[in-house]
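Reading through the structure tokens given below for one structure.
The values are calculated or read from the model by the stated rules, or taken from the named source; none is laboratory data. No experiment lies behind these values; they were computed from the predicted model shown. Glycine gets a Cβ as well: all are built from the backbone with ideal geometry, and neighbour counts include every protein chain shown.
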Amino acid sequence: MPKAGGFNILSGMNLTYKLLSSHLVSGELKPGSEIALKIDQTLTQDATGTMAYLQFERMGAKRVQTELSVSYVDHNTIQVGFENADDHAYLKSVAEKYGIVFSRPGNGICHQLHLERFGKPGKTLIGSDSHTPTGGGIGMLAMGAGGLDVAVAMAGGPYYIAAPRVVRIWLTGSLRPGVSAKDVILAVLAKYGSSGNVGRVMEYAGPGVATLDVPSRATIANMGTELGVTTSVFPSDGETRRFLAAQGREGDWIELAADADAEYEETFELDLGRVEPMAACPHNPGNVAAISSLAGKKVDQVLVGSCTNSSYRDLKTVALLLKGRKIHPDVSFGVAPGSRQVVLELMREGLFQILVEAGARILENACGFCIGNHQSPGTDAVSLRTSNRNFEGRSGTKSAQVYLVSPETAVASALAGVISDPAALPPVPAVTLPERFGIDDSMCLFRDTAGEGVPGAAIARGPNIGEVPEGSALPESLRAQVAIKVGDKITTDHIMPAGARLKFRSNVPVYAKYVFEPVDPTFHDRCLANKAAGVASVIVAGESYGQGSSREHAALCPMYLGVRAVVAKSIERIHAANLVNFGIIPFSFADPADFDAIEAGDELALDGIAEAIAGDGVATAFNARTGRSFKVKTALSERQKAIILAGGLMAQRAASSTAATAR
């Protein structure tokens with residue numbers, strides 16, 4: 001079997017299955033079957049990393065077992081109160097002790113930085129951030145995961161997923177001036193929507209791929225997360241090689257592509273020359289419309305940045321379009337670069353000055369506005385953003401109308417004061433990457449001890465650093481109350497609000513007070529009352545429950561409050577995995593019509609539930625209010641069944657450790 005750079009090149013396969021097969025630990029590469037994968041790299045960010053590392057510590061590993069693990073601080077860099085500073089100190093000390101590279105606050109956004117400095121074609125990467133698939137832009141198999149799954153990988157364990165179905169996005173032609181990668185992924189979202197794609201991978205191919213640089217591919221792979229797919233993958237080609245060479249890492253390049261006779265579930269052909277400027281309208285990334293249909297709508301705020309569109313390519317384009325122009329006086333315009341490298345390169349070329357002269361507010365190299373941590377719009381304001389999510393209230397202002405657009409559309413609209421087609425602006429030259437970026441890794445600490453660590457290093461634990469709660473074994477039968485009933489497309493932001501609340505992420509009892517706060521602020525009190533009475537809580541939901549972030553707190557905090565099951569029409573991939581990890585059963589309705597017959601407050605009896613989980617996953621729930629029963633079901637692997645029965649992965653590991661000690 002021929003090899004390139006140590007990577008097995010398999011014949012007759014799509015690229016996704018080549019990457020999977022080269023990292024397969026166990027399982028069958030058959031769509032839907034659970035497989036275990038060797039993980040080469042992990043990343044965490046500070047909003048999810050503290051809990052991941054607390055869990056890693058509990059596992060007792062002496063050091064990380066991956067080829068590379070990186071801890072980024074990029075989410076909660078606004079430090080109002082002691083909590084975020086405490087968390088950053090904890091993360092830094094853990095990184096030193098266990099052999100993790102630590103990216104300091106201000107260095108940049110994890111996905112942009114990882115692409116620049118650490119990503120390698122052909123490698124596997126999981127990250128405790130749902131936009132980790134950005135790495136697919138350079139031919140990685142990069143996936144978002146819950147923090148506990150990342151902790152297991154750092155400790156040397158495999159990562160489990162269902163072998164995916166692969167959709168080929170066949171690109172032809174080339175983009176017209178004023179149209180960019182953001183418009184491409186919005187066109188894909190217009191085709192496939194933001195739900196119903198669980199278990200799929202989007203694999204990009206065709207002659208149009210060669211016309212897209214790596215930052216453009218990364219934008220598309222990044223927002224593939226909004227489709228709900230496992231990940232997105234691009235080939236590694238000459239363009240990938242040029243990008244890595246510009247980063248001084250040409251030695252990390254290998255060529256990767258699907259075979260000519262590779263098979264796919266389906267193919268979607270997209271002519272890049274026919275793509276037009278698009279926007280995702282409030283309040284979902286899948287709510288896509290052409291800019292031409294929105295033109296003229298007054299704009300109050302425009303923000304450029306986030307892990308989706310904060311690259312050198314994006315911000316140089318913004319600067320060129322702004323040269324000699326001023327932002328409309330009614331528009332607040334902010335720019336958040338993706339990394340220090342981007343900032344320094346713009347400064348070297350005299351482009352940073354253009355942004356300031358045009359009236360831009362220069363924001364920190366961080367996620368910030370994307371997670372609602374600052375720059376919240378005014379009441380009923382219209383905000384155009386180049387970020388990847390526009391869920392209701394995510395900006396920090398529930399009444400705001402947030403549209404997701406390309407950097408080109410953002411500039412055109414910021415100048416005009418209304419939503420505008422970038423074709424209205426004089427065209428600027430296409431941005432090409434420098435032959436070599438200025439490289440400064442001084443804000444990436446502990447590179448010399450990466451993988452080895454400093455065993456004697458002390459861990460900094462301020463009062464905001466809490467304990468990891470454990471679940472309890474699943475009883476034979478459950479008496480439960482429907483603590484809340486919600487509709488379709490409930491996001492992890494609905495379940496666990498981000499923004500200012502994220503500073504409590506390391507202290508579960510405190511953060512749990514805000515579960516479902518945007519939907520029903522009384523949820524926490526009701527669950528605690530149930531728990532005190534010995535009654536479990538159940539969440540009932542519609543389609544696509546758990547969209548959005550990989551934030552495991554959306555499962556961990558409900559577990560702490562006594563939630564034992566979610567019964568939904570459908571549940572998104574990462575959230576379903578997180579529910580299992582924390583002992584919450586991810587049920588679906590055997591008959592979706594039964595959703596309509598349930599009300600919040602209903603008392604449910606689920607007899608023989610442990611036996612059902614151990615068996616075929618089908619259980620009967622009796623509703624005391626209606627006097628009728630209905631069927632619920634879950635499809636779990638044998639591994640997942642054992643986790644649920646134990647009350648979660650940490651409880652299972654604790655029980656195994658106790659049993660081993662007793663022997």
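Points worth noting:
- Scanning region 318-356 for residues that are touching a residue at least 24 places away in the same chain (Cβ under 8 Å), part of a helix (DSSP H, G or I) and either more than 28 Å from the chain's Cα centre (by Cα) or surrounded by fewer than 24 Cβ atoms within 10 Å (Cβ to Cβ) (or both) yields ALA319, LEU320, LEU321, LEU322, ARG340, LEU344, GLU345, LEU346, ARG348, PHE352, ILE354, LEU355.
- Matching residues in region 142-170 - criterion: being under 20 Å from ASN222 (Cα atoms) and aliphatic (A, V, I, L, M): ALA142, MET143, ALA145, VAL150, ILE161, VAL166, VAL167, ILE169
- Test for GLY156: is it farther than 27 Å from ASN309 by Cα, touching a residue at least 12 places away in the same chain (Cβ under 8 Å) and in the same structural domain as ILE39 (by TED's automatic domain parsing): yes
- For region 557-579, the criterion of being acidic (Asp, Glu), under 28 Å from the mean Cα position of the chain (by Cα), farther than 24 Å from ARG479 by Cβ and surrounded by 22 or more Cβ atoms within 10 Å (Cβ to Cβ) is satisfied by at least one residue.
- Selection within region 298-317 - in contact with a Ser or Thr (Cβ under 9 Å, 6 or more places away or on another chain) and either more than 19 Å from ASP213 (Cα to Cα) or assigned to a strand (DSSP E or B) (or both): VAL299, ASP300, GLN301, VAL302, LEU303, VAL304
- In region 585-633, the residues that are in a helix (DSSP H, G or I) and free of Cβ contacts under 8 Å to residues at least 24 places away in the same chain: PRO592, ALA593, ASP596, ALA612
- Residue in region 388-423 that is nearest to ARG325 (Cα to Cα), counting only those that are among the hydrophobic types (A, V, I, L, M, F, W, C) and under 22 Å from the mean Cα position of the chain (by Cα): VAL405
- Filtered residues of region 72-121 (kept if in contact with an Asp or Glu (Cβ under 9 Å, 6 or more places away or on another chain), at positive phi and either in a loop (DSSP other than H, G, I, E, B) or assigned by TED's automatic domain parsing to the domain that holds LEU363 (or both)): GLY99, GLY106
- Qualifying residue in region 180-197 (condition: aliphatic (A, V, I, L, M), within 25 Å of GLU116 (Cα to Cα) and under 18 Å from the mean Cα position of the chain (by Cα)): yes
- Number of the exception - GLY396 against (1) part of a loop (DSSP other than H, G, I, E, B); (2) of a type in the set (Gly, Ala, Ser); (3) closer than 14 Å to VAL299 by Cα: (3)
- Within the span defined as region 591-605, one or more residues are assigned by TED's automatic domain parsing to the domain that holds VAL540, β-branched (Val, Ile, Thr) and surrounded by 16 or more Cβ atoms within 10 Å (Cβ to Cβ).
Table: residues versus (1) in contact with a helix residue (DSSP H, G or I) (Cβ under 7 Å, 6 or more places away or on another chain); (2) farther than 30 Å from HIS131 by Cβ; (3) at pLDDT 95 or above.
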site: GLY583; (1), (2), (3): yes, no, yes
site: ALA597; (1), (2), (3): no, yes, yes
site: ASP607; (1), (2), (3): no, yes, yes
site: ARG628; (1), (2), (3): no, yes, yes
site: ALA642; (1), (2), (3): yes, yes, yes
site: ALA662; (1), (2), (3): no, yes, no
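- Only one entry in VAL275, VAL198, VAL188, VAL229 is touching an Asp or Glu at 6+ places or on another chain (Cβ under 7 Å) and under 23 Å from GLY144 (Cα atoms), namely VAL198.
- Within the set ALA593, ALA554, ALA529, ALA541, the sole residue that is within 25 Å of THR225 (Cα to Cα) and out of contact with any strand residue (DSSP E or B) (no Cβ under 7 Å at 6 or more places or on another chain) turns out to be ALA554.
- Counting only strands (runs of 3 or more DSSP E) that fall entirely inside region 135-229 and contain at least 3 residues that are hydrophobic (A, V, I, L, M, F, W, C), the qualifying elements are 141-144, 165-172, 200-205.
- Applying the criterion of being over 20 Å from VAL214 (Cα atoms) and touching a Phe, Trp or Tyr at 6+ places or on another chain (Cβ under 7 Å) to the residues of region 165-197, the residue that is surrounded by the most Cβ atoms within 10 Å (Cβ to Cβ) is VAL166.
- Selection count, region 435-488, where residues are among the small types (Gly, Ala, Ser), touching a strand residue (DSSP E or B) at 6+ places or on another chain (Cβ under 6 Å) and over 20 Å from THR44 (Cα atoms): 2
- Members of region 502-552 that are under 20 Å from GLU83 (Cβ atoms) and within 18 Å of the chain's Cα centre (by Cα): LEU502, ARG505, SER549, ARG551, GLU552
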